[in-house]
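Participant: After the structure tokens below, expect a handful of questions from me.
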Amino acid sequence: MGSGLNKPIGDIPFDEKAFLRKARFKSILRIIIISLIIAIGVFVLTIIISEMMLQNQENRINSFYPDIVKFTEPNTFAISGESYNVRLFGRQKEYYLLRLIGNKPYPAGIVTVDFDIWGGEQFKGDKSLAIPEGTKEYLAPYAVPKLKFYNPAVKYDKVIREFDVLKNIPNDNLVEMALSFDRPLTLSEIKTIIPEDLKLMWGAVLVFEENDYKEKNYLAERLVGNPYIDSRDGEKEFLKQLEQLSNLQSYSSTNLKRTVSFLKEKGIKYYGVVVVGHPESLQKLSSNSIIRGAVLGIVTTPY
């Protein structure tokens with residue numbers, strides 16, 4: 001029987017070209033598979049590392065932003081909301097703003113912080129609308145009245161005094177109002193003119209020299225305030241927390257360090273306060289010549 005098994009090895013035909021093609025194909029396939037594995041590994045590793053870096057940035061922003069709001073937005077607190085990725089190396093974080101009227105929290109807006117793995121935070125959503133134009137301002141998206149102060153060193157085209165509006169509000173309601181003074185006052189001086197049945201919620205603090213405010217009017221819009229104004233040792237707590245905040249890595253740290261140095265050197269003086277109380281008590285201030293401006297905020301009905 002003629003069988004190829006009985007042939008000598010040297011007589012078995014060998015297709016060298018086919019062998020080389022097959023070997024080349026296996027080599028290329030192996031390179032492609034290894035490259036794909038490496039590419040997938042690099043992609044997964046990039047996603048994991050970028051997520052970790054974004055989370056670190058979010059944690060950093062969470063460590064300072066609620067306090068920034070507390071010290072720069074009158075009678076306002078920020079609560080952490082949702083976060084979501086908007087691009088490969090970018091994320092947005094929402095904060096819900098609340099104002100306290102007595103013990104009742106009221107929504108005052110939403111701020112979105114946009115940031116990347118390297119930081120670069122940008123703040124969006126704190127828009128205001130004047131109605132009518134150039135007068136009363138309201139904050140988006142809930143049309144909450146903006147609490148405005150009038151710095152005594154700055155000249156304004158119009159100063160709002162809304163004491164007359166209080167006559168139309170039932171006296172069992174609670175009213176939030178931003179009061180501006182015609183000159184800087186110490187806390188003890190403030191307490192001599194504010195009725196005891198009005199609660200001090202926040203105090204607008206002078207953080208620049210008078211000439212600086214006069215020469216650069218926009219500085220009056222950079223509010224810094226004491227949210228502990230009605231607390232025992234509230235001014236010490238205010239300075240302590242401002243200093244701690246200035247040591248955190250943020251876009252505000254340099255300005256905060258300057259502010260802390262200024263307040264330690266010059267002392268704390270106020271050019272306005274936010275108060276909460278009944279309309280009747282607030283109306284008592286209408287004849288006080290020290291009160292330069294009075295901007296009505298949120299009005300609440302009793303529980």
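The values are calculated or read from the model by the stated rules, or taken from the named source; none is laboratory data. Treat the numbers as computed from the prediction; the structure is a model and nothing was measured. Because the Cβ atoms are built from the backbone with ideal geometry, glycine has one as well, and the counts that use them run over all protein chains shown. The protein model used for the area step is the full one, side chains on, heavy atoms only, and it has no ligands, DNA or RNA in it. Shrake-Rupley method; radii C 1.70, N 1.55, O 1.52, S 1.80 Å.
Participant: Looking at Leu248, Leu242, which is the one that is among the aliphatic types (A, V, I, L, M), part of a helix (DSSP H, G or I) and not assigned by the TED database to the domain that holds Pro66?
Facilitator: The match here is Leu242.
Participant: Tally time: how many residues in region 82-93 are surrounded by fewer than 16 Cβ atoms within 10 Å (Cβ to Cβ) and closer than 27 Å to Pro145 by Cβ?
Facilitator: 1
Participant: Suppose we filter region 47-81 for residues that are open to solvent by 50 Å² or more (accessible area, probe 1.4 Å), more than 28 Å from Arg99 (Cβ to Cβ) and of a type outside the set (A, V, I, L, M, F, W, C); how many remain?
Facilitator: 3
Participant: Under 15 Å from Asn75 (Cβ atoms) and touching a strand residue (DSSP E or B) at 6+ places or on another chain (Cβ under 8 Å) - does that describe any residue in region 179-191?
Facilitator: Scanning region 179-191, I find at least one residue that is under 15 Å from Asn75 (Cβ atoms) and touching a strand residue (DSSP E or B) at 6+ places or on another chain (Cβ under 8 Å), so the answer is yes.
Participant: Got a sec? Which strands (runs of 3 or more DSSP E) wholly within region 21-126 have at least 1 residues that are closer than 26 Å to Ala178 by Cβ, of a type in the set (Ser, Thr, Tyr) and over 14 Å from the mean Cα position of the chain (by Cα)?
Facilitator: 104-116
Participant: If Glu221 meets every condition in (1) more than 29 Å from Lys136 (Cα to Cα); (2) within 26 Å of the chain's Cα centre (by Cα) apart from one, which number is that one?
Facilitator: Every listed condition holds for Glu221 apart from (1).
Participant: Next up: Out of region 174-222, which residues are in contact with a Gly (Cβ under 8 Å, 6 or more places away or on another chain), open to solvent by 10 Å² or more (accessible area, probe 1.4 Å) and in a strand (DSSP E or B)?
Facilitator: Once the filter is applied, which keeps residues that are in contact with a Gly (Cβ under 8 Å, 6 or more places away or on another chain), open to solvent by 10 Å² or more (accessible area, probe 1.4 Å) and in a strand (DSSP E or B), region 174-222 yields Leu174, Lys199.
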